[in-house]
Protein chains: 2
Amino acid sequence: METRELKYFVAVAEDLHFGRAARRLGMAQPPLSRAIGGLERRLGTLLLERGSRGLTLTGAGAVLLREARAVLDAVEAAERRTRRAAVAATGRPAVVLAAKAGASSELLAKLLDAYAAEPGAAAVDVVLCGPGEQSRYLHDGRADVALLHRPFDDTSGFDTEELRSEGQVVILPAGHPLGARPHVRLAEVTGLPDLPLPRWPRPDGTFPDGPGPRVRDHTQLTQLIVLGRACAVVPESGRTGLSENLTAVPVSDAPRVTTVIAWPPQLRSTAVAGLVRAATAL
Amino acid sequence: METRELKYFVAVAEDLHFGRAARRLGMAQPPLSRAIGGLERRLGTLLLERGSRGLTLTGAGAVLLREARAVLDAVEAAERRTRRAAVAATGRPAVVLAAKAGASSELLAKLLDAYAAEPGAAAVDVVLCGPGEQSRYLHDGRADVALLHRPFDDTSGFDTEELRSEGQVVILPAGHPLGARPHVRLAEVTGLPDLPLPRWPRPDGTFPDGPGPRVRDHTQLTQLIVLGRACAVVPESGRTGLSENLTAVPVSDAPRVTTVIAWPPQLRSTAVAGLVRAATAL
DNA sequence: GGGCGGCGATACCGGCCGGGTATCGCTCCT
DNA sequence: AGGAGCGATACCCGGCCGGTATCGCCGCCC
């Protein structure tokens, strides 16, 4: 199986339409049909059911879709990491760290300071990404190491070290009745009709249904809370540097959030190892 | 990057010789040279240093070798899992469990019994492999789930659940002076000149240097111990069903061995989930 | 119900690229 | 100095990849 074929299959499996997939791939439809046909012939199984109601993935097709995505990620990662290893040889080596924008900022700062103080430390490029995006960055090689937050982020498939565990607080506009309470229950804030929880985009870019406003980053969120249009449940560390129009109240029964540092298991780089060592020593 | 190119590069990087690699690949040397050259051109970096003393991997080449192996494993896994999904659709679904030959046999038996008792349980094919081979089986799709033993086996890159933890014992021929002791220290058995520890093959098939006899499986090992030519340090559970010519003595300071059940993280199969559930409930 | 539109499969063709053989250039060793 | 070993280059051929044209089939709608 060539990566070209896997790319074709993923494209077709994603929009379940040969013509559109071909257009997306910048090619004509017939060679695409043939490529998929060849794949099916060699695997000895149907991958797509050609019904009169359009295409459907067969069981084998669904399996191959998942596996093919993993392969393509690995190929992309191989390319990127090789290129980076090449530039590292002709300059100072650099390591790319992915972190959720607007989270764990002081932990991150301390980590960068601590690692930079080590002798022979590599340069650290920090890339800030959207919620839940870090694992993609690690998978496809755009990052070498990442800060993740359990249980929100999926850490499966990576090596991890736990760095810190913390409770969660609800961020409210100043003056809200709940703001005076020493702590609240999760149920008390999830159902507030005047302050609905915002909706974050799913990995595919769409939003779940619900009453809350759509939100793409922390700035939007802060603004919405100040405007009294939403509230948010975030890890304790998110209250540092809070605008004075906002108050934070601990949520007693919210799940604890564990910040972990994660890296691809087969990656054996001294720079990543140094970062992990610095992080666990914090 | 096509998988064909990656296969070529791995072959060349492995024996650091274009001619031999080409022969191994069943092709002539010139197209192989060109393929590697093209890879280097597109990546914009040298992968192999062509010195007068033969080939050397550059830093980028070493990175690509590691990444390419991961990609090729993933491709192989994709192919195998798709094929298995296809036959599962036209018959009873099966899941492949990899376990070290001769280890955790009663745990394995209990696990298989417990899972088989579940409603809707899939058929479980057990594949017994050499020490440390299980993770390769998981990586390249020959197995869906495996029993591993920390700290001997590398569990990185898999999701795992701990099943059991146990100490280790040294297996001695009956009548050996140490056999009467309630327990021994690790240092007391590693240096026995008359009973050297056996040498197991490394993943590449070669043996480490040392005085001990070479051993490839548990039968050979048992025989050697009975003959008084070796001793062995194994997990406690290995003493069950011991031949009466052998005695086991606890090793007080040997690292504890944890048996874990492991599976590839992206794998979402009800059969694997059921096995894991049955295993943790034991 | 017939025509039409949409979609995937098939037929056929041309160009590129992957793989082959022959040979060169270099280095090292004798 | 000469030959052996090895990788790079030159050149050729065939197959496959990708293109256009067209078919077959199914729904839909007037």
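We did not get these values from a lab; they are worked out from the coordinates using the rules stated. Computed from a predicted model, the values in this text were never measured in an experiment. Because the Cβ atoms are built from the backbone with ideal geometry, glycine has one as well, and the counts that use them run over all protein chains shown.
Here are a few things to note about the model shown:
- Only lysines eight or more places from A:K7 in sequence, or on another chain, were considered; those with a Cα closer than 20 Å are B:K7.
- Counted by Cβ distance under 11 Å from B:L16, the other residues give a net charge of 0, where Lys and Arg count +1 and Asp and Glu count -1.
- Normalised by the number of residues in the range B:168-251, the mean separation of alpha-carbon contacts (under 8 Å, six or more apart) gives a relative contact order of 52 percent.
- Helix-only mean residue ellipticity at 222 nm for chain A, each DSSP H run of n ≥ 4 adding -39500 (n - 2.57), per residue, nearest 500: -12000 deg cm²/dmol
- Taking a straight Cα-Cα cut-off under 27 Å and skipping sequence neighbours fewer than 8 places away in the same chain, the lysines within cross-link reach of A:K110 are A:K100.
- The ellipsoid that matches the Cα gyration tensor of the protein assembly as shown has semi-axes, each √(5λ) in whole angstrom, of 43, 34, 28, with the longest given first.
- Loop-exposed trypsin sites (Lys or Arg not before Pro) per DSSP, neighbour cap 16 Cβ within 10 angstrom, longest uninterrupted part of chain B: B:54-184
- Label 7 Å beyond Cα on the Cβ vector: B:P119 copy-to-copy distances, nm: 6.7
- Charge tally around B:A114: other residues with Cβ under 15 Å, Lys/Arg +1 each, Asp/Glu -1 each, net -1.
- Taking a ≥ b ≥ c as the square roots of the Cα gyration tensor eigenvalues, the range A:88-132 comes out oblate, since a/c reaches at least 1.5 and a/b does not exceed b/c.
- Near B:V126, the amide H atoms lying under 5 Å from its own belong to B:L97; only residues 5 or more places off or on other chains count, and H is placed 1.01 Å from N.
- Note on the range B:192-282: semi-axes of the ellipsoid equivalent to its C-alpha gyration tensor, largest first and rounded to whole Å, are 32, 18, 12.
- Peptide A:74-81, shielding by other chains (average Cβ, 10 Å cutoff): 6
- Rounded to the nearest 10 degrees, the inclination of helix B:270-280 to the longest alpha-carbon principal axis of chain B is 30 degrees.
- For chain B, the longest principal axis of the Cα atoms and the long axis of helix B:105-116 meet at an angle of about 70 degrees.
- Gyration tensor verdict on the range A:3-75 (Cα atoms; rounded if a/c is under 1.5, prolate if a/b is larger than b/c, oblate otherwise): rounded
- Other residues lying with their Cβ under 10 Å from the Cβ of B:G167 contribute a combined charge of -2, Lys and Arg counting +1, Asp and Glu -1.
- Taken one residue at a time, the phi angles of the range B:75-91 give Karplus couplings (6.51, -1.76, 1.60, θ = phi - 60°) of 5, 4, 4, 4, 4, 4, 5, 5, 4, 5, 4, 5, 6, 5, 6, 9, x Hz. Gly and Pro are set to x.
- Dipole in debye (nearest 20) - the protein assembly as shown, about Cα centre, beta carbon charges: Lys, Arg +1; Asp, Glu -1: 1620
- Shape call, chain B: gyration tensor on alpha carbons, a/c limit 1.5: oblate
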